[in-house]
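Colleague: Okay, here's the structure, questions in a sec.
Please treat every number below as a calculation from the coordinates, not as lab data. No experiment lies behind these values; they were computed from the predicted model shown. Neighbour counts run over all protein chains shown; Cβ positions are idealised from the backbone, glycine included.
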């Protein structure tokens, strides 16, 4: 199988897995909303917020190093996987007590009754570390079937447990936390089972090997900090400044608005592996620019389609108690293409060993988000907070475009000027995903498409 076929197969597998994950995430969000209501959903978001951030920071960027090592030297997988599992478990021993003691100071005074639940949620960290390090190596090696199977299982198991909670009618925050712990335990155990042969075959782990791994991961830590804090910064502001009910409305709007992100997210995952294995920088830049333009077109189409559904879909899915989420959801729909394209650029830069530009872009965006988000949230509540996130994502995407242009020797038009050929290539790729009996009638219309889009694309 050639590089192009491998990339296409990886894209198909990852798009399919991300579709399942996004669909299951929406179902999970709907179940949570209907079981707990706006206030309960907001309380659950507050409970899970800081344990998730602590877990994201706790690996100290080691998972990116593991992904690169696996991509560059696939034959060393047994040694690298063994080193990754034991090193991250060692980190978990230090992360757990730190998180336990700092959680009360992280939650606002009106949510101190949720500290116990957050501390309980910290128990997922060792299993999360195992999943993260092994999944990173699968991504680096291009093992997308295994990567997607394990990633999908997390969401599906959690969704199944929430369905049980719904049927048994034990809808409290406590049982939602227990469901998340069971999910991570099950997936972590399954992931170790899949790699058990490699883990047993790897050479013994020495302390200095773990120290070296952490030292190599530290340059990636600023980007890791930025990624997790950026994804959660708006929730931090919401949990700190807004009531649990408003946090629940914000979470529902966010869940629906970013529902189509599964396709660009899949492209970003595949892009990291494809770019990390390429040697010719100029060829890589041309291929990335074409993929980026096609992703932009796809994001625009998905954004318009999602916006058209918002007024009807949000109250229908989450219930009439969530009608207050409709207006902020419209604003968040604009965030979707900016975040998707920004992540794609960030993955490309990290794949060539340059994580710092991603950190700079995220740091500037986070400062803008904080500077705008706090006053706007205090004055305009949900609408103000959503607007600040949109502006921050615009700034981040612009900075990343600057770095990508320089690193790959591209012009701005190479990335952002859509062409008829891009639409044709995108349609070709989409056609290739369809069964032949559905493809034939569409192909009879396809030849006329380029002439139609010329009116809209210079």
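Colleague: Measuring from a point 7 Å past the Cα of residue 19 along Cα-to-C-beta, which residues in the range 118-162 have an amide N at less than 17 Å?
Modeller: 145, 148-149, 152-153, 156
Colleague: Turning to a different aspect of this structure: Between rounded, prolate and oblate, where does the range 94-196 land on the alpha carbon gyration tensor, with a ≥ b ≥ c its root eigenvalues, rounded for a/c under 1.5, else prolate if a/b exceeds b/c?
Modeller: Here the range 94-196 falls in the oblate category.
Colleague: Moving on to the next point. Dimensions of the range 3-416 along principal axes (Cα, Å, largest first)?
Modeller: Each principal axis gives a Cα extent; for the range 3-416 these are 54, 49, 36 Å.
Colleague: Listed highest first by mean packing, meaning other Cβ atoms within 10 Å per residue, what order do 284-291, 304-311, 339-346 come in?
Modeller: 339-346, 284-291, 304-311
Colleague: Any idea how far the Cα center of the range 25-39 sits from the one of the range 112-141, in Å?
Modeller: 22 Å
Colleague: If I model a spin label as a point 7 Å beyond the Cα along the Cα-Cβ vector, how far apart are those points for residue 316 and residue 163 in nm?
Modeller: 2.1 nm
Colleague: Right, another one. With each label point set 7 Å from Cα along the Cα-Cβ vector, what nm distance links residue 283 and residue 364?
Modeller: If labels sit at residue 283 and residue 364, their model points lie 3.3 nm apart.
Colleague: Now for a separate question. What's the ranking of 385-392, 168-175, 294-301 by average number of surrounding C-beta atoms within 10 Å, highest first?
Modeller: In descending order of packing, they fall as 385-392, 294-301, 168-175.
Colleague: Another question about this same structure. Given 0.36 nm per residue, what is the gain on full extension from residue 73 to residue 110 after removing their alpha carbon distance, in nm?
Modeller: 8.2 nm
Colleague: What is the packing order of peptides 194-200, 48-54, taking the mean over residues of other C-beta atoms within 10 Å and listing the highest first?
Modeller: Result, highest mean Cβ count within 10 Å first: 48-54, 194-200.
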